[in-house]
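Have a look at the structure below before the remarks.
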Amino acid sequence: MEQDKNLKLDDLFFEADQLIKDQRISDAISKLNEILAEAPDYGRAHNHLGWIYETKYKEYTKAYEHYRLALKFSPDYAAVYYNYAILLSTLRKFDELEALLNQAIKVPGMNFATIYNEYAIMYEAQGKLDDAIHHYKLYAQNLYDNKLIDGAVESINRCKRKKEIL
């Protein structure tokens, strides 16, 4: 019986995910809220609501709360780390961001390149340019796409240039 409920919730979640891809945002919100009405601890639904509130409505307080709940209820769901990191960076909540990234790097299946890039962006935003350069190098080390590697090199050069100015 419990498995049937979980499968139903998963089906609703995948429907909501497709609605987001189809740009049917209000329908997706309804579907995600339907999931949470039945299972308030369905972390992936919180993640998707967080993403919608952050990117579509710029309602950062709501996004923050949903990401926090997503992390609490689905700590192995990689997407929440990526999304929450961007929000925390946007809000310049660097202490929370660093703690999140330290947690994310330990999650199985995590894309290390993405996490190292988020560290680098955070350090660059704080003016910790040597730390930023170090993490851009770690980012590049974990990449397998030449265009992305070129972007990492540009970021390193930007930080070196900033160091010359400062």
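The values are calculated or read from the model by the stated rules, or taken from the named source; none is laboratory data. Not measured: the values here are computed from a predicted model. Note: ideal-geometry Cβ built from the backbone for every residue, glycine included; neighbour counts use all protein chains shown.
Below, the figures for the structure above:
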quantity: Enumeration of residues in the range 66-83 that are buried (at least 24 other Cβ atoms within 10 Å of the Cβ) and under 15 Å from LYS106 (Cβ atoms); calculated: VAL80, TYR81
quantity: Any hit, the range 111-123, residues being assigned to a loop (DSSP other than H, G, I, E, B) and under 14 Å from the mean Cα position of the chain (by Cα); calculated: yes
quantity: Yes/no for SER26 being of a type in the set (Ser, Thr, Tyr) and closer than 24 Å to GLY109 by Cα; calculated: no
quantity: From LEU100, LEU129, LEU166, residue being under 21 Å from the mean Cα position of the chain (by Cα) and either at pLDDT 95 or above or not acidic (Asp, Glu) (or both); calculated: LEU100
quantity: Residue count, the range 48-63 (criterion: surrounded by fewer than 21 Cβ atoms within 10 Å (Cβ to Cβ), within 12 Å of the chain's Cα centre (by Cα) and within 14 Å of ASN33 (Cβ to Cβ)); calculated: 0
quantity: Output for the range 25-47, where each listed residue is of a type in the set (D, E, K, R) and either within 27 Å of LYS93 (Cα to Cα) or surrounded by 14 or more Cβ atoms within 10 Å (Cβ to Cβ) (or both); calculated: ASP27, LYS31, GLU34, ASP41, ARG44
quantity: Some residue of the range 56-64 being out of contact with any helix residue (DSSP H, G or I) (no Cβ under 8 Å at 6 or more places or on another chain), assigned to a helix (DSSP H, G or I), at pLDDT 95 or above and within 26 Å of ASP27 (Cα to Cα); calculated: yes
